[in-house]
Amino acid sequence: MFDRIRMKIEKNTIVSLRYKLTDAQNNVIEEPESPMVYLHGGYEGTFPKIETLLDGQDIGYEATIQLEPSEAFGEYDPELLKIEPRTRFPEPLEVGMQFEGIPDAQEEANVADEADSEDEPLIYTVTDVADNQVVLDGNHPLAGMALRFWVQVEDVRAATDDEIQNRHPEGGESFTFGMPNDDADDGNEEEFPGSALGTSGSNPHTLH
């Protein structure tokens, strides 16, 4: 028990982290009751800048850090904004619904799949619905935003061999700060995280 309390954050440790996410004006975006749990050490469990901040720290450490768009969810890409005929979508259709891919991407997908077979399909969020058209946005809801994280280390323990091999904590807690872990083996490959970041908690529809 004593060794566990004194354990510092390093590669292949499981970190339980309480956090509050705000924008650059300190407007709260998310402050979950449960801690985020991730595998530390370059496994894409959280943002690299946060890992660097936490490296070598132990239980009780807390800090506030700001991430620029390039360090978080990237710059906003206007090319990911699409307008599609409403007839291509199921009913009822509401703002906030999410879809995996878009209908007119089928021909492009056949070529792109060969070059980018390992990339995850884009998740498009419905941002506006008119009589005949649907506006879809493939950007992350927080793309283009500077974000501030308050973090506090709640627990640190050594990762098991299975957790290291699976690249995420036991129990499939592989979604952190809205970042899916590709190697989760609990059937979540097509799920879009709804925690932190103001996204829908339901699974996206697939348009094929």
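A short reminder: the numbers here are calculations on the coordinates, not readings from a lab. Source: prediction; values computed, not measured. Here the Cβ is made from the backbone with ideal geometry for all residues, glycine too, and neighbour counts use every protein chain on show.
Can you bin region 1-93 into rounded, prolate or oblate? Criterion: square roots of the alpha carbon gyration tensor eigenvalues sorted a ≥ b ≥ c, rounded for a/c under 1.5, prolate for a/b above b/c, oblate for the rest. The shape class here is prolate. The length gained on full extension between Ser34 and Glu79, counted as 0.36 nm times the residue separation minus their Cα-Cα distance, comes to 12.6 nm. Here the spin labels are modelled as points 7 Å beyond Cα on the Cα-Cβ line, and at Ala158 and Asp58 they lie 1.6 nm apart.
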